[in-house]
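Peer 1: I'd like to ask some things about the structure below.
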Amino acid sequence: MVTEASPARGGMAAYRDVLRLPGVGGVTAVALAARIPATAVGVTMTLHVVLTLGYGYAAAGLVAAAVPTGMAIGGPVLGSLVDKRGLRPMLLLTMLISAGFWAVAPLLGYGWLLGAAFVGGMFALPVFSVVRQVLAAAVPAGYRRPAFAMDSMSVELSYMTGPAAGSLLTLWLGSATTMRVIGAGFLLAGVVLLVLDPPVRATGEGPRPPAPPVREWLTAPLVAALLAITAAIVAIMGTELAFIASLTGSGQAWAIAVVNAVWCVASLVGGFVYGAARRAPPMPVLLAVLGAATLPAALGGAWWTFALLLLGAGLFTAPTLAAGSDTVATLAPDRVRGLVTGLQGSATTVGIAVATPLSGVLVDTASPAVAILVCGSIALVAAGVSAVLLRRPRTGVVS
């Protein structure tokens, strides 16, 4: 039996120990299934605006960006609701609003859809945050590394599956039907989580003590973890856009899926090794290696060179994100775990919001190679900053 005091094991035993914990196996399975519709939202909304409504890609980009923007704002609010009222009230609220949004969205014109997408994003089922909060509450500290490694691998699998499924369903069934399928996926995930009702607090479901003041939990190390997560996303997403632009411009667009698949498989391998290891490098070191390993991709030209040059970055993608989740889980007080986990989701969304326009501007004004160098360098600089912040005492940064 795994307890807080039991020694952590390495290899496959580490994963078996985590999956034996009450509720973890079920939540892990739900997470993989529920993240597929979540990762299909962007491409489906884009194709709906372009193919069904007849607008350009710039207008489609605004709608696709409205959803994660709403999620960045709504994540901490929904997390705070979990802290105060528990998981089920939050699930019921998001299921009700999401069902209405996905039922009505295919019928809306562009202007109404833009506003509704923002509101829908604010109240979207925060499956990424909920899963991380459950893992932080249910898994003893010594076993969180393999738990969050599995979570990062689950994210990789969902991003390999969701966008492809969304685009194929849109082309076969039409965007309106696909949007309703996505809505049904969110609703089904909410129902399953309602039935499972996994723990979101390590101290159980007794009376909830008042939340500590912000200055007590918003510490320099926590800021370091959130900064590292944002910087890692900038390096990953910025590099992805840059190599896509390079391959498209050189007539090799057909190879985008191949390069992305190689990158994702490398990330899965890295995540598995990270979770199975008895010891692992600290988060700033992983972030620094991710940034450094990203830089050689600036030399890419032919599709196979990108596939080879991104192997190193791929190996450290899932480990870096897992280390960030582990650090946040360790630093988050139980009474505000939902709020802090929501902030982690916002940090991820901010990284996406920064990476895409930054890389796009650099591609247009300079070259894909420059975009890759800048995004990788951001991760390197953030690694140094986060290392300094992690050494500071765990006192609040907000007075």
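Peer 1: Checking understanding here: applying a Kyte-Doolittle mean of at least 1.0 and a length along the axis of at least 20 Å (C-alpha), which whole DSSP H helices in the chain pass?
Peer 2: Working: long enough: 24-47 (35 Å, 1.49); 57-85 (41 Å, 0.94); 87-104 (26 Å, 1.61); 144-173 (41 Å, 0.40); 175-196 (32 Å, 1.93); 220-249 (43 Å, 1.92); 256-276 (30 Å, 1.82); 317-331 (22 Å, 0.66); 337-365 (42 Å, 0.89); 368-391 (35 Å, 2.08).
Passing helices, by number: 24-47, 87-104, 175-196, 220-249, 256-276, 368-391.
Peer 1: Still on this structure: Suppose only helical runs count, i.e. DSSP H with n ≥ 4. What mean residue ellipticity at 222 nm does that imply for the chain under -39500 (n - 2.57) per run, divided by all residues and rounded to the nearest 500 deg cm²/dmol? Kindly include the intermediate steps, with their values, before the conclusion.
Peer 2: Details: 17 runs with 304 residues, N = 399.
So the helix-based figure for the chain works out to -26000 deg cm²/dmol.
Peer 1: How large is the charge dipole for the chain, taken about the Cα centre, if only the Cβ atoms of Lys, Arg (+1) and Asp, Glu (-1) carry charge, to the nearest 20 debye?
Peer 2: Values: 21 positive and 12 negative charges, 182 e Å.
In debye, rounded to 20, the chain gives about 880.
Peer 1: Next up: So if a site counts as exposed when it's one of the trypsin sites (Lys or Arg not before Pro), its DSSP state isn't H, G, I, E or B, and it has at most 14 other Cβ atoms within 10 Å, what's the longest stretch of the chain without one?
Peer 2: Values: sites that count: R278, R279, R394.
My reading of the result: 1-277 is the longest stretch.
Peer 1: Out of the total accessible area of the chain (probe 1.4 Å, heavy atoms of protein only), what percent is carbon and sulfur? Intermediate results must be reported in sequence, preceding the final value.
Peer 2: Values: 11930 of 16580 Å².
Whole-percent figure for carbon plus sulfur exposure: 72.
Peer 1: Give me the 1.4 Å probe accessible area per residue for the chain, excluding ligands and nucleic acids, in Å².
Peer 2: Working: 16580 Å² over 399 residues.
With all protein chains present, the chain gives 42 Å² per residue.
Peer 1: Please list E156, E216, E240 in order of solvent-accessible area, largest first, computed with a 1.4 Å probe with all protein chains present. Walk me through the numbers before you get to the answer.
Peer 2: Details: E156 25, E216 110, E240 50 Å².
The most accessible residue leads, giving E216, E240, E156.
Peer 1: In percent, how large is the relative contact order of the chain, given Cα pairs closer than 8 Å and 6 or more residues apart? Walk me through the numbers on the way to the answer.
Peer 2: Working: 701 pairs, mean separation 107.3, N = 399.
This gives 27 percent for the chain.
Peer 1: Return the tail of the calculated pair distribution for region 321-388, meaning the percent of Cα-Cα pairs more than 19 Å apart.
Peer 2: Here the tail beyond 19 Å accounts for 47 percent of pairs.
Peer 1: While we're here: With a 1.4 Å probe and all protein chains in place, put L114, L171 in order of accessible area, largest first.
Peer 2: Values: L114 60, L171 115 Å².
Largest to smallest exposure gives the sequence L171, L114.
Peer 1: Can I ask one more? What figure in square angstrom, to the nearest 10, would you give for the accessible area of V273 with a 1.4 Å probe?
Peer 2: My reading of the accessible area for V273 is about 90 Å².
Peer 1: By the gyration tensor of its Cα atoms, with a ≥ b ≥ c the square roots of the eigenvalues, what is the shape of region 215-329: rounded for a/c under 1.5, prolate for a/b over b/c, or oblate?
Peer 2: Details: a/c = 2.84, a/b = 1.89, b/c = 1.50.
Since a/c reaches 1.5 and a/b is larger than b/c, the shape of region 215-329 is classed as prolate.
Peer 1: Below 8 Å between Cα atoms, with a sequence gap of 6+, how large is the relative contact order for region 1-153 in percent?
Peer 2: Working: 141 pairs, mean separation 51.9, N = 153.
The normalised contact order for region 1-153 reaches 34 percent.
Peer 1: Here are several values of semi-axes √(5λ) of the Cα gyration tensor in Å: [x] 34, 26, 20; [y] 71, 27, 20; [z] 31, 27, 20. Which one was derived from the coordinates shown?
Peer 2: [z]
Peer 1: Just the Kirkwood number for region 103-203, please: inverse of mean 1/r across all distinct Cα pairs, in Å, one decimal.
Peer 2: Numbers: mean 1/r = 0.0630 Å⁻¹.
Across region 103-203, the inverse of the average 1/r is 15.9 Å.
The values are calculated or read from the model by the stated rules, or taken from the named source; none is laboratory data. Computed from a predicted model, the values in this text were never measured in an experiment. Methodologically, a virtual Cβ is constructed for each residue, glycine included, from the backbone with ideal geometry; neighbour enumeration extends over all protein chains shown. With ligands, DNA and RNA removed, areas are computed over all heavy atoms of the protein, side chains included. Shrake-Rupley method; radii C 1.70, N 1.55, O 1.52, S 1.80 Å.
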